[in-house]
Amino acid sequence: MALKLADYKTTVHNDWCPGCGDFGILNAIQMALSEMQTPLHRATIFSGIGCSGKTPHFIHTYGIHTLHGRVLPFAQGAKICNPDLEVLAVGGDGDGLGIGAGHFISSGRRNVDMVYIIFNNAVYGLTKGQAAPTLKLGMKTKSLTQPNMNNSVNPIALALVAGFTFIGRGYSYDVRHLKELIKKAIEHKGLAFLDVLQPCPTYNDINTKEWYQGLDNFNPENGKQMPRTYKLEETGYDGIVRQPYEASTKMGQAIERSNEWGSKIPLGIFYQNEHIPTYQDRIVGRIPNYLEIPPAKQDISDQNNKPTAKLDKLLDDLRADK
Amino acid sequence: MTQSKISNSLTWVIGGAQGSGVDSAANIFSKACSQAGLYIFGKREYYSNIKGEHSYFTVRVSDKQIRSHVDDINLLVSFDAETLFRHGDKVTKGGGIIYDQDLVNTTIQEVPTIDDQALKKITNMLKKANKSLTVQGMLDYAKDNGTILYNVPYFQLLREFSEKINDHSLSKLTRTVNVMALSASMAVLDFDTTVLTRAIKHIFRAKPKIAELNIAAANYSYNYVKSRFNSTEFRFKLTKVQTSSDIILMQGNQSSAMGKISAGCRFQTYYPITPASDDSEFLESNQIIESTPDGKKDSIVVVQTEDEIAAITMAIGGALTGVRSATATSGPGFSLMTEALGWAGINEVPVVVSLYQRAGPSTGLPTRHEQGDLMFAINCGHGEFPKIVFASGDIEESFYDTIKVFNFAEKYQLPVIHMLDKAIANSIMTCRVFDQYKINIDRGRLLENIIPAGDTGVAGNYLRFKFDENPISSRVRLGTENGIFWNTGDEHTEEGHITEDPDNRIKMMNKRMSKLDLASKEIPAEDKAIAYGHNDPSSGMTIVSWGSTKGAILDAIDQLTVEGKNVKFVQVRLMHPFPSSLVEKMLENTKVLVDIEMNYTGQLGLLIKQNLNRNINYKIVKYNGRSMSSSEIYNALMYIISGNAPRRIVLEHGA
């Protein structure tokens with residue numbers, strides 16, 4: 001029996017603010033899982049802390065709402081122990097690029113086969129609107145007493161240099177496009193990162209839905225009003241590394257595009273490279289049967305509750321008469 | 001003047017610059033003694049440094065089981081000047097020093113790694129005795145103490161040896177000086193050369209060529225000493241006795257790791273830290289596991305993480321898939337882990353932290369010993385959540401205890417902090433071979449399958465945190481069909497969703513915290529505390545302690561027993577929840593309660609006050625970073641018995 005979109009939803013009351021961009025991301029995740037017919041029990045959604053941290057409670061799969069900034073190591077631990085799980089990690093930009101930035105970098109180096117989605121609204125919403133790592137220098141959103149003193153981090157470029165092997169950006173009000181991106185991220189062999197632009201209607205009065213729609217943004221050539229976001233794929237951009245030698249060039253063009261902001265903000269796949277071995281592949285290099293019997297599928301005791309591991313060899317080596 | 005020989009009982013010390021082969025020489029010595037059927041206890045002391053600073057290894061040998069070191073040195077083996085300056089005066093009357101003839105004119109100022117404080121102490125000592133501030137001065141000082149000196153001209157020997165084997169790469173041969181020194185000591189002790197050869201072969205078994213070279217160097221040095229000195233003049237002697245295949249020579253940084261393999265731990269994460277890293281590295285180098293019954297190979301995945309926060313959170317992520325997961329760390333790393341332990345507590349996730357204590361606070365003495373983290377481990381993390389804190393007393397215990405702590409973690413679905421320390425990790429001893437089948441694996445309420453009985457509720461029929469009479473609800477692995485649940489660091493419902501409902505909060509707190517009552521009830525007495533010996537009704541003296549002081553205390557009270565003084569010893573193992581009624585019972589008839597701990601405050605004493613409302617009469621504490629010797633404990637107890645001791649005795653021995 002095919003799983004319906006409704007099967008991926010829980011009845012938990014959603015207390016996000018009306019108009020919150022998070023709703024679009026939640027819908028896109030549920031739609032992607034439903035279209036891929038991922039069995040409910042096979043998927044686990046991990047989250048950090050903040051408004052986005054509540055996401056797993058609204059999705060009817062396993063849901064692990066972790067600590068502030070620590071979603072990636074929690075999620076990697078589960079995926080490494082049971083590579084059959086479909087693991088999605090979600091969190092805010094403060095969670096992933098502020099308090100959790102160290103894990104962001106190190107996760108890139110590992111390339112565990114899973115997906116990480118950042119709900120990027122440039123503010124700490126749940127603590128009432130402080131500046132988050134993606135807020136631009138000098139910006140003063142509604143609840144800041146003074147303009148932001150820090151420069152913003154570029155999540156796409158950071159993911160690229162950290163070693164993420166799939167890097168894309170979506171927009172929470174373009175749910176259909178975002179859903180496709182999520183599906184591609186899940187299908188990707190390796191660690192996929194999605195930067196999702198997500199207006200916070202309560203605390204970010206600069207990067208609003210209207211701002212993204214470009215109500216004040218005009219094409220200098222024809223004077224026509226135009227949305228700020230555009231899709232990379234519609235401009236002929238191709239971020240996929242088809243041969244290993246292309247990696248450097250593709251990284252360069254991805255960084256160039258990642259610096260676009262203001263009147264033109266790219267969406268879509270910036271970079272994808274499946275030539276880098278996943279962490280799972282690397283474990284197989286050390287433990288040849290890892291994928292057949294990963295940690296979660298080992299019987300550690302027999303029917304008499306005795307350990308199955310045999311220490312004889314290790315102990316023999318230490319015997320006094322040896 | 002011939003004295004009677006002391007056979008198979010001595011303390012042997014080798015010192016040298018870090019990186020110069022002190023450890024391998026000590027390992028060969030230890031292995032040779034165990035192959036000769038003798039018992040050993042060895043401990044390693046070193047600086048937080050890669051190369052150049054002074055390190056030394058103490059090995060005590062006996063024909064009976066021993067569990068600690070003593071203060072005296074009977075044979076000091078050196079091939080540098082610093083070892084002589086630092087330890088030369090500690091050698092007993094009738095003991096010996098093996099030294100390099102070429103170093104006698106070295107002045108103490110010429111040794112850059114002797115720090116100002118040590119320099120001052122040694123200088124004062126030599127000046128007071130009217131000795132020159134040179135190696136010769138120190139040797140003269142030792143000679144006055146009745147120490148016998150054995151000069152070995154290593155360089156000359158190396159040159160001759162190089163001619164003999166026709167290998168002229170002296171720089172390569174120089175690397176055998178450690179083995180030459182060790183072998184010289186074996187000649188003085190009249191030790192069997194065939195056993196020595198076997199031990200060298202064993203230690204260098206991965207490098208047969210190096211083994212061969214070292215054996216040749218060892219023989220050369222052995223024969224030189226034999227021809228030059230009359231070994232009958234030396235009181236100490238090591239003789240081969242009957243060996244037993246039931247005895248193993250075990251290092252304390254591998255015993256708990258071995259326990260993990262047997263316990264079924266299949267995921268370990270770590271961030272490098274002394275002295276905990278060895279645990280993880282042992283697992284990494286033995287990650288393919290032989291399994292019964294069909295000879296299939298299981299494995300343990302070891303991940304080096306970016307920090308300790310990632311280490312603990314990744315381990316918890318692994319534990320959620322039903323894998324026995326652990327991390328190993330020391331104080332600074334443990335400090336970073338505490339928020340996540342609270343998360344494991346509220347979500348009832350079984351995870352084990354092997355906490356190898358070292359001297360704190362902050363970086364403290366990173367390579368030195370202390371038991372300063374007891375109160376911190378018990379109180380770690382904000383808010384109230386159940387955890388078990390368990391302390392092993394020695395290498396042998398640490399193996400079995402490791403299996404037990406995984407059982408506790410899974411039975412009671414909570415984090416367990418397994419307290420170990422630098423003294424255990426950096427010691428080596430002969431003990432009975434581990435019986436890995438002695439302790440069963442108990443996975444508690446882990447469900448492998450869930451049969452759906454209907455379609456009610458958001459999570460079907462399965463409730464991860466179901467309220468029931470038994471506070472322990474069934475656990476499933478992530479990925480189990482029909483078992484969907486949620487976790488959150490927030491207070492949660494039976495399904496695992498966020499709730500701030502006050503009544504639910506009370507019930508959930510009760511559910512979680514009452515698991516400790518159950519653990520207190522179910523954990524067997526021998527895992528809570530062990531009472532050794534009995535006290536004389538007249539004195540009524542009982543010692544309480546925990547962790548690695550065990551061996552030194554047992555050896556000290558054995559010595560007191562020989563002298564007709566009986567002291568009881570209560571070793572507390574389950575530190576939290578505290579086994580109040582059992583310890584209280586063990587302390588019945590105690591008139592004088594002595595707390596022995598390797599920290600400043602006497603943290604177990606505070607726990608006893610808190611839980612038993614009982615005062616400690618005498619505290620014997622030590623916090624100079626060097627583990628307690630049985631001599632120190634013996635002396636302190638004698639002091640207390642004399643009736644003149646202060647209420648708090650601070651031990652200070654150690655270099």
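The values are calculated or read from the model by the stated rules, or taken from the named source; none is laboratory data. Not measured: the values here are computed from a predicted model. Virtual Cβ from ideal backbone geometry, glycine too; neighbours counted across all protein chains shown.
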Next item on the list: Go through the stretch B:263-300 and give me each residue that's surrounded by fewer than 20 Cβ atoms within 10 Å (Cβ to Cβ) and β-branched (Val, Ile, Thr).
Entry: B:Thr274, B:Ile288, B:Thr292
Checklist line | Restricting the stretch B:237-247 to residues that are touching an Asp or Glu at 6+ places or on another chain (Cβ under 9 Å) and of a type outside the set (Ser, Thr, Tyr), the residue that is nearest to the other protein chains (Cβ to nearest Cβ) | finding: B:Ile247
Margin query: Taking the condition of being touching a residue at least 60 places away in the same chain (Cβ under 8 Å), in the same structural domain as B:Ala32 (by TED's automatic domain parsing) and either small (Gly, Ala, Ser) or within 27 Å of B:Phe282 (Cα to Cα) (or both), how many residues in the stretch B:211-245 meet it?
Written below: 1
Margin query: Can you report the number of residues in the stretch A:61-71 which are facing another protein chain (nearest Cβ under 7 Å) and either in contact (Cβ under 8 Å) with a residue 40 or more places away in the chain or in a helix (DSSP H, G or I) (or both)?
Written below: 1
Next item on the list: State which residue is nearest to B:Ile316 (Cα to Cα) when the search covers only the stretch A:16-54 and only residues that are touching a strand residue (DSSP E or B) at 6+ places or on another chain (Cβ under 9 Å) and in a loop (DSSP other than H, G, I, E, B).
Entry: A:Gly48
Notebook entry, point to check: Considering the stretch A:104-139 alone, what residues qualify as being out of contact with any strand residue (DSSP E or B) (no Cβ under 9 Å at 6 or more places or on another chain) and either assigned to a loop (DSSP other than H, G, I, E, B) or surrounded by 24 or more Cβ atoms within 10 Å (Cβ to Cβ) (or both)?
Noted result: A:Asn111, A:Thr127, A:Lys128, A:Pro133, A:Lys136, A:Leu137, A:Gly138
Margin query: Being closer than 30 Å to B:Asp63 by Cβ and of a type in the set (S, T, N, Q) is the filter here; which residues of the stretch B:239-286 pass it?
Written below: B:Thr239, B:Gln242, B:Thr243, B:Ser244, B:Ser245, B:Gln251, B:Asn253, B:Gln254, B:Ser255, B:Ser256
Next item on the list: Tell me which of these A:His57 doesn't satisfy, since it passes every other one: (1) touching a residue at least 40 places away in the same chain (Cβ under 8 Å); (2) part of a strand (DSSP E or B); (3) at the interface with chain B (Cβ under 7 Å from one of its Cβ atoms).
Entry: (2)
Next item on the list: Would you be able to say whether some residue in the stretch B:551-570 is within 23 Å of the chain's Cα centre (by Cα) and acidic (Asp, Glu)?
Entry: yes
Next item on the list: Would you mind listing the helices (runs of 4 or more DSSP H) fully within the stretch B:254-343 where at least 3 residues are within 9 Å of chain A (Cβ to nearest Cβ) and either of a type in the set (A, V, I, L, M, F, W, C) or within 30 Å of A:Gln303 (Cα to Cα) (or both)?
Entry: B:255-263, B:308-319
Notebook entry, point to check: So how many residues does the stretch A:260-287 have that are in a loop (DSSP other than H, G, I, E, B) and either hydroxyl-bearing (Ser, Thr, Tyr) or within 25 Å of A:Ala157 (Cβ to Cβ) (or both)?
Noted result: 11
Margin query: Testing A:Thr10 on (1) more than 9 Å from every other protein chain (Cβ to nearest Cβ); (2) surrounded by fewer than 24 Cβ atoms within 10 Å (Cβ to Cβ), one condition comes back false. Which one is that?
Written below: (1)
Item checked: All positions within the stretch A:276-322 that are more than 8 Å from chain B (Cβ to nearest Cβ), among the aliphatic types (A, V, I, L, M) and under 30 Å from B:Arg205 (Cα atoms) -> A:Val284
Checklist line | Filter result for the condition that a residue is of a type in the set (S, T, N, Q) and free of Cβ contacts under 8 Å to residues at least 40 places away in the same chain, over A:Gln198, A:Gln280, A:Gln225, A:Gln272 | finding: A:Gln225
Next item on the list: Considering (1) surrounded by 15 or more Cβ atoms within 10 Å (Cβ to Cβ); (2) closer than 30 Å to B:Ile114 by Cα, say which one B:His202 fails and leave the rest.
Entry: (2)
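Per-residue answers, yes or no, for (1) within 30 Å of A:His188 (Cα to Cα); (2) β-branched (Val, Ile, Thr); (3) surrounded by fewer than 16 Cβ atoms within 10 Å (Cβ to Cβ):
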residue	(1), (2), (3)
A:Ala254	yes, no, no
A:Asn273	yes, no, no
A:Arg282	yes, no, yes
A:Ile293	yes, yes, no
A:Gln298	yes, no, no
Check: Counting only residues that are more than 7 Å from chain B (Cβ to nearest Cβ) and within 27 Å of B:Ile309 (Cα to Cα), how many does the stretch A:36-53 have?
Finding: 10
Note to self: Can you report the number of residues in the stretch B:350-389 which are within 23 Å of B:Thr493 (Cβ to Cβ) and surrounded by fewer than 23 Cβ atoms within 10 Å (Cβ to Cβ)?
What the structure shows: 5
Item checked: Qualifying residue in the stretch A:89-100 (condition: on the phi < 0 side of the Ramachandran plot and without any contact (Cβ under 8 Å) to a residue 40 or more places away in the chain) -> yes
Next item on the list: Tell me, please, whether a residue that is surrounded by fewer than 22 Cβ atoms within 10 Å (Cβ to Cβ), of a type outside the set (S, T, N, Q) and touching an Asp or Glu at 6+ places or on another chain (Cβ under 7 Å) can be found in the stretch B:71-83.
Entry: yes
Margin query: Under 7 Å between Cβ atoms, which residue pairs at least 6 apart in sequence (or on different chains) link something in the stretch A:240-254 that is over 8 Å from A:Asn273 (Cα atoms) with a partner that is assigned to a helix (DSSP H, G or I) and of a type outside the set (Phe, Trp, Tyr)?
Written below: A:Met251/A:Leu160; A:Ala254/A:Ile156; A:Ala254/A:Leu160
Note to self: Is it the case, given these coordinates, that B:Asn482 is within 14 Å of chain A (Cβ to nearest Cβ) and either among the aliphatic types (A, V, I, L, M) or in a strand (DSSP E or B) (or both)?
What the structure shows: no
Next item on the list: Can you give me the number of residues within the stretch B:373-413 that are in contact with a Gly (Cβ under 6 Å, 6 or more places away or on another chain), within 17 Å of B:Tyr356 (Cα to Cα) and among the charged types (D, E, K, R)?
Entry: 2
Checklist line | Residue check for B:Asp294: in the same structural domain as B:Met258 (by TED's automatic domain parsing), at negative phi and without any contact (Cβ under 8 Å) to a residue 12 or more places away in the chain | finding: yes
Note to self: Tally up the residues in the stretch A:165-184 that are part of a strand (DSSP E or B) and among the small types (Gly, Ala, Ser), please.
What the structure shows: 2
Check: In the stretch B:301-340, which residues are within 26 Å of B:Thr499 (Cβ to Cβ), surrounded by fewer than 24 Cβ atoms within 10 Å (Cβ to Cβ) and not polar (S, T, N, Q)?
Finding: B:Glu339
